[in-house]
Amino acid sequence: MTSRRPTRLLRRSDEKLVQAEILNEISRDEVIDIHMDWQPERLAALKNLRSQGKPWPENWHWDWSTKADNLNFLAYRCFAVECEGRAQGLMMIATIGWRGRIDNQIGKPVLYIEYIESAPWNLAGLVETPRFSGVGIALIRTAIQVSADEGFAGRIALHSLPQSQPFYRRYMHDLGMDASHGENLCYFEMTEKQANQFVKGRPS
Amino acid sequence: MSDKRTMTLNLSDAEMRALEALCEQKDLSKTAVIRQALRLYQLVDARLASGGKLFFEDSKKAKAELIAL
C-alpha cells in the first residue's frame, strides 16, 4: 500500500519552494500510469529537439512500463515524487544483490538504485526551462532513508549515464567505468558518512 | 516497509550459528538477513521456474557451475 511523506521541490517559474510528497512503494500499475502520463510530453520534447538539431538525452528510450515488471518481486521497490497532482520523478531500487566495493564497506549490503528519472518537463536536457528542481535530491534522500530502514546504514550505489555523472560525483565515490556492467557505465557508491552529510545538508 | 507482522522462527543450533555469522559479516540484524534471503529466494525461484539458469563463476572466469534451488 502506498504511503506518503512530505518533501519540497523548487518551482522554477517563481523560484519558490513548494510542498510535494514522496510516494512510497508504488505499485506496478501506478508506475505504468505515470509512464503513460509522461510519454506524450517526452515524445513532444524529443520531436522538438530533433527539429532543432539538438542531441537527445541518453535516457530518452527509458520505458518504465517494462521496468515495472520487476515489482512482481520483493527485491524491487518503486518511489515517486508528486507535486501539483503529477509525478515529478520516479526511482526503482533493489535491496538484494549489491555489495559495497569501497574499502570500509566491502561486502556489506548496499541499496542499489536501478533507475532514477525526473519527469520529461523537469529534464534540463529535454526542455529549456525545467518546471521543478530538486526531484533527484528528494529521491536520493528517499533511497538513503530506505537503506537505513533496511539496516544498510544509508549506503547506496548506482551506475550512472555520462550526462548525470557530475551530479553524483558531488555526493558519492566515483569508482570509474564498470566493465562488469552490461552498459559499461560509471559506478558510484555512497558511504554511511556521505549519506549522513547528504541528508543533513539538504532541505527536506 | 509498511504493515509488518511478527513470527517465531525455530532454528537448529547450526542454522542459528550460520545466521549469526551472516549477521556479523554483513553488519545486519537477523530480521534483515532473513528478509534478504526471502527476496533472493523468491527472485531466483521465479527465474528458474520461467526457464532461467543460475551460474556461479570462479575468479578466473574459467568455470561455471549450475545450481538449482
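Can you pull out every residue in the stretch A:1-27 that is of a type in the set (A, V, I, L, M) and farther than 17 Å from residue A:116 by Cβ?
Result: A:1, A:10, A:17, A:18.
Identify all residues within the stretch A:149-204 that are aromatic (Phe, Trp, Tyr) and under 18 Å from the mean Cα position of the chain (by Cα); write none if there are none.
Within the stretch A:149-204, A:167, A:168, A:171, A:187, A:188, A:198 meet the criteria.
Given the conditions (1) loosely packed, with under 10 Cβ neighbours inside 10 Å; (2) at positive phi; (3) of a type in the set (D, E, K, R), report the number of the one that residue B:5 does not fulfil.
Of the numbered conditions (1) loosely packed, with under 10 Cβ neighbours inside 10 Å; (2) at positive phi; (3) of a type in the set (D, E, K, R), the odd one out for residue B:5 is (2).
If you go through the stretch A:46-57 one residue at a time, do you hit one that is within 14 Å of another protein chain (Cβ to nearest Cβ) and touching a residue at least 24 places away in the same chain (Cβ under 8 Å)?
Checked the stretch A:46-57: no residue is within 14 Å of another protein chain (Cβ to nearest Cβ) and touching a residue at least 24 places away in the same chain (Cβ under 8 Å).
Condition test on residue A:27, is it among the hydroxyl-bearing types (Ser, Thr, Tyr) and under 19 Å from the mean Cα position of the chain (by Cα)?
Spelling it out, residue A:27 is indeed among the hydroxyl-bearing types (Ser, Thr, Tyr) and under 19 Å from the mean Cα position of the chain (by Cα).
Taking the stretch A:91-127 as the search range and keeping residues that are aromatic (Phe, Trp, Tyr) and within 14 Å of chain B (Cβ to nearest Cβ), which one is farthest from the chain's Cα centre (by Cα)?
A:98
Given the conditions (1) outside any loop (DSSP other than H, G, I, E, B); (2) away from every other protein chain (no Cβ under 13 Å); (3) surrounded by 10 or more Cβ atoms within 10 Å (Cβ to Cβ); (4) not hydroxyl-bearing (Ser, Thr, Tyr), and given that residue B:11 satisfies all but one, which numbered condition is not satisfied?
Only one criterion in (1) outside any loop (DSSP other than H, G, I, E, B); (2) away from every other protein chain (no Cβ under 13 Å); (3) surrounded by 10 or more Cβ atoms within 10 Å (Cβ to Cβ); (4) not hydroxyl-bearing (Ser, Thr, Tyr) is unmet by residue B:11, namely (1).
Give the residue that is surrounded by the most Cβ atoms within 10 Å (Cβ to Cβ), with candidates limited to residues of the stretch A:62-98 that are part of a strand (DSSP E or B) and not hydrophobic (A, V, I, L, M, F, W, C).
Only one residue fits best here, namely A:89.
Can you name the number of the only condition in (1) under 23 Å from residue A:17 (Cβ atoms); (2) part of a strand (DSSP E or B); (3) touching a residue at least 60 places away in the same chain (Cβ under 8 Å) that residue A:117 fails?
Only one criterion in (1) under 23 Å from residue A:17 (Cβ atoms); (2) part of a strand (DSSP E or B); (3) touching a residue at least 60 places away in the same chain (Cβ under 8 Å) is unmet by residue A:117, namely (3).
Between A:126, A:185, which is farther than 26 Å from residue A:9 by Cβ, surrounded by 15 or more Cβ atoms within 10 Å (Cβ to Cβ) and at pLDDT below 95?
Among A:126, A:185, only A:185 is farther than 26 Å from residue A:9 by Cβ, surrounded by 15 or more Cβ atoms within 10 Å (Cβ to Cβ) and at pLDDT below 95.
If residue B:31 meets every condition in (1) exposed (fewer than 10 other Cβ atoms within 10 Å of the Cβ); (2) closer than 22 Å to residue A:109 by Cα; (3) at pLDDT 90 or above apart from one, which number is that one?
For residue B:31, the failing item is (1).
Evaluate the following for residue B:46: is it within 11 Å of chain A (Cβ to nearest Cβ) and surrounded by 10 or more Cβ atoms within 10 Å (Cβ to Cβ)?
Against the criterion (within 11 Å of chain A (Cβ to nearest Cβ) and surrounded by 10 or more Cβ atoms within 10 Å (Cβ to Cβ)), residue B:46 qualifies.
Here is a check on your reading of the model: is residue A:119 in contact with a strand residue (DSSP E or B) (Cβ under 6 Å, 6 or more places away or on another chain), within 25 Å of residue A:154 (Cβ to Cβ) and of a type outside the set (D, E, K, R)?
Considered against the rule, which asks whether it is in contact with a strand residue (DSSP E or B) (Cβ under 6 Å, 6 or more places away or on another chain), within 25 Å of residue A:154 (Cβ to Cβ) and of a type outside the set (D, E, K, R), residue A:119 comes out as no.
Of the residues that sit in the stretch A:138-189 and are part of a strand (DSSP E or B), under 26 Å from residue A:23 (Cβ atoms) and aliphatic (A, V, I, L, M), which one is farthest from the other protein chains (Cβ to nearest Cβ)?
Among residues in the stretch A:138-189 that are part of a strand (DSSP E or B), under 26 Å from residue A:23 (Cβ atoms) and aliphatic (A, V, I, L, M), the one farthest from the other protein chains (Cβ to nearest Cβ) is A:158.
Can you tell me which of A:63, A:103 is over 19 Å from residue A:181 (Cα atoms) and without any contact (Cβ under 8 Å) to a residue 24 or more places away in the chain?
The unique qualifying residue is A:103.
The values are calculated or read from the model by the stated rules, or taken from the named source; none is laboratory data. All of these numbers come straight from a predicted model, not from anything done at the bench. As a convention, Cβ positions derive from the backbone with ideal geometry for all residues, glycine included, and neighbour counts pool all protein chains shown.
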